[in-house]
Amino acid sequence: MTIVQPTQITTFQALRRSLDLIIQAAPIELRNLIILNIISGAAPSGILFLDKLIIDEVSRLLSQTQTAQPFALMLSHPILLWSIAGVLSLKLVADSIDTMSTFTVTSLRDRLQGAVEGKVLEKVANFNDIALFENPELLNIVELAKTGVSKIQQLAFSLSMTITGIFIFIPSVSLAAAIAWWVPLLMLISSLPSIYIERKYTRIIWRVQKKQAKISREMNLSARVLTGEEYAKELRLFGLQELWLKRWQGQFVQFFSEMQAIRKKGAIIVLLWSIVSRIGVALPFVYVVIGALGGRYTLGDLALYSGLIVQVEHSLHLLINSYTNLYDIALGVSPIFQLLDLKPELQSPLVNVASRLPLSEDSSKDSDVTQNKIGIEIKHLSFCYPGSKKSTIAHLNLTINPGEMLVVVGENGAGKTTLGKLLGRLYDPTEGAIEWNGKDLRNYPLEEVRSRIAVVMQDYARFPSTVRENVGFGDLHLLSDDTTINEAIYEAGIAAKVNSLEKGLETPLGKQLEDGIDLSGGQWQRIAIARALMRLSTVEVLIFDEPTAALDPKTEHEIYSIFRQIAVGKTTIVISHRLGLAKIADRIAVMENGQIVEIGTHDELIELGEIYYSMFTRQASSYI
């Protein structure tokens with residue numbers, strides 16, 4: 001099987017696609033932010049220019065006359081009066097815009113996070129291949145994508161700073177050029193080394209982060225052991241807290257120390273190059289002071305040009321930091337787009353009449369289910385998990401007849417569960433084929449295949465939701481149908497427990513929910529069986545993977561009786577290393593090293609006296 005490979009995303013592509021997401025997620029907030037930043041960016045230069053007019057006008061008036069009525073003097077000179085009014089108005093507007101910008105940026109950030117996180121969750125939830133959860137390389141992409149969601153939150157702030165920097169820079173540079181043409185150019189050129197160095201070390205830090213995705217995942221797993229409910233009892237009973245805390249701390253130190261070394265080295269080099277930037281600011285400032293002392297510039301010019309130099313420096317600082325942040329964000333969000341671009345190897349053909357499963361109108365009737373059905377034919381089946389070189393199943397051939405109950409037995413690691421995954425089309429074969437009613441399973445629409453199969457896996461889900469939903473999820477169309485849900489609960493043998501609950505079907509399951517209760521392992525397994533029973537009237541194939549693994553012998557026997565009853569007329573595959581159900585199965589297939597090594601009825605295999613005989617007698621002796 002080929003491994004699903006993530007596409008390579010350049011920083012420019014990541015940034016462009018991030019901006020596309022902003023436009024899609026928050027167009028109104030983005031428009032408002034641009035308008036507000038245009039105003040706030042232009043306001044400082046306007047204030048500096050008006051300050052120049054005020055200083056020059058005050059200096060002129062003081063040199064011409066002395067007055068005991070300065071207020072009347074101010075009112076009598078429109079330039080001074082309107083300049084003061086302009087400064088006060090612009091400062092009031094600037095203060096108001098700061099508040100409005102904060103609100104707009106926060107709103108844009110939240111909308112963007114919701115949109116991106118929603119896309120990531122949708123992609124992961126609807127990804128056909130479960131290789132996404134079992135392949136380390138793809139798990140690293142998922143882990144980095146989660147980090148990228150938090151990174152994209154910063155994009156709104158960095159974008160705001162970039163826009164502000166641009167609209168401070170443009171008017172500031174235009175006015176600074178009036179000092180001398182070389183002033184803004186010198187300041188810009190002197191800033192370039194810092195831009196280059198920061199970009200270089202941002203890329204180095206990102207490479208380290210990519211390498212450390214594995215450590216990050218392991219840290220999260222260790223944190224889950226320390227805080228997760230499923231580990232809480234044994235963690236305390238066996239005194240494992242200190243061990244796992246030290247393991248997490250060791251992983252953190254490994255993660256932090258390498259990053260810190262890179263950051264420290266980068267900070268020192270950036271600091272050294274910033275001295276060059278200081279020279280680029282100092283020279284124009286000295287030039288203006290000398291010009292004022294030489295009489296070329298007025299005091300107002302000195303205030304204006306000194307302020308403009310600071311403004312240009314501030315805008316360059318904003319743009320450099322924003323560029324570095326945007327570059328860092330572009331690197332950080334690229335895994336999001338790698339994840340969104342992932343194409344599953346498990347493909348579904350276009351839906352048409354010819355590709356649909358030839359199912360009868362009422363599959364609940366035994367005669368209709370088996371009518372005109374060929375069953376399941378497994379031909380030369382081989383499978384190798386992505387990233388592994390060893391075949392879990394090798395050249396397996398098997399025919400499962402319509403309406404037959406086949407029990408697949410074997411020791412752990414024989415390939416039984418893998419066979420169940422292939423029959424449920426959670427994976428496609430590496431070689432060979434699984435044919436259903438004469439047609440390769442891959443030629444049917446994926447949703448159609450899965451809608452006609454009811455599955456109880458050994459690692460069944462315990463949804464943090466109500467009893468109704470935990471059972472009704474088996475067929476969403478019947479989620480409000482109390483009669484059908486109660487029938488499934490009854491057939492799974494969990495009705496007495498559900499009826500004893502104060503809220504009945506509306507009881508939350510899971511202690512993490514408010515007023516939620518927990519069930520025993522066996523009760524949870526019955527809930528999972530009831531969930532599978534919800535689609536019993538429409539399914540053609542039942543797959544039970546280790547269905548009694550969590551049950552005691554008495555309950556196991558009860559579940560066997562339920563299986564035999566509900567399996568009538570259905571093609572049923574039971575995967576188990578416990579052989580209690582094998583005696584009442586139509587046939588038994590014994591797996592070893594990914595192959596079928598024995599097949600027949602219980603009596604036939606006992607008479608054969610080989611692998612199944614040895615397994616059965618060994619298990620039977622443990623009950624004596």
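The values are calculated or read from the model by the stated rules, or taken from the named source; none is laboratory data. Keep in mind it's a predicted model, so treat the numbers as computed, not measured. Don't worry about glycine lacking a Cβ; one is built from the backbone with ideal geometry, like all the others, and counts go over all protein chains shown. Only protein heavy atoms, including side chains, enter the accessible area calculation; ligands, DNA and RNA are left aside. Shrake-Rupley method; radii C 1.70, N 1.55, O 1.52, S 1.80 Å.
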Index of the failed condition, ILE485 passing every other in (1) surrounded by fewer than 19 Cβ atoms within 10 Å (Cβ to Cβ); (2) within 23 Å of ILE562 (Cα to Cα); (3) not basic (Lys, Arg): (1)
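Would you pick out the residues in segment 423-468 that are among the charged types (D, E, K, R) and either open to solvent by less than 10 Å² (accessible area, probe 1.4 Å) or not in a loop (DSSP other than H, G, I, E, B) (or both)? Talk me through it step by step, then tell me what you get.
Step one: filter segment 423-468 for residues among the charged types (D, E, K, R), giving 425, 428, 431, 435, 439-440, 442, 447-448, 450, 452, 459, 462, 468.
ARG425, GLU431, GLU435, LYS439, ASP440, ARG442, GLU447, GLU448, ARG450, ARG468, listed by residue number.
Against the definition (over 20 Å from ASN220 (Cβ atoms) and either of a type in the set (A, V, I, L, M, F, W, C) or modelled with pLDDT under 75 (or both)), how does VAL124 come out, yes or no?
No, not satisfied.
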Checklist (1) within 29 Å of the chain's Cα centre (by Cα); (2) under 23 Å from ASP545 (Cα atoms); (3) in a loop (DSSP other than H, G, I, E, B); (4) of a type in the set (Lys, Arg) applied to LYS511, failing item: (2)
First in segment 95-120 and under 21 Å from ILE336 (Cα atoms) and open to solvent by 30 Å² or more (accessible area, probe 1.4 Å), second anywhere and part of a helix (DSSP H, G or I) and of a type in the set (D, E, K, R), Cβ under 8 Å, 6 or more apart: ARG111/GLU29
Complete set of residues in segment 407-422 that are surrounded by 21 or more Cβ atoms within 10 Å (Cβ to Cβ) and more than 28 Å from the chain's Cα centre (by Cα): VAL407, VAL408, VAL409, GLY410, ALA414, GLY415, LYS416, LEU419
Per-region count, segment 121-157, residues buried (at least 21 other Cβ atoms within 10 Å of the Cβ), part of a helix (DSSP H, G or I) and more than 12 Å from the chain's Cα centre (by Cα): 5
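Could you tell me which of the residues ILE575, ILE596, ILE543 is assigned to a strand (DSSP E or B), at pLDDT 90 or above and buried (at least 17 other Cβ atoms within 10 Å of the Cβ)?
ILE596
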Positions within segment 605-624 being over 15 Å from VAL408 (Cα atoms), modelled with pLDDT of 85 or more and open to solvent by 70 Å² or more (accessible area, probe 1.4 Å), in sequence order: GLU607, LEU608, GLU610
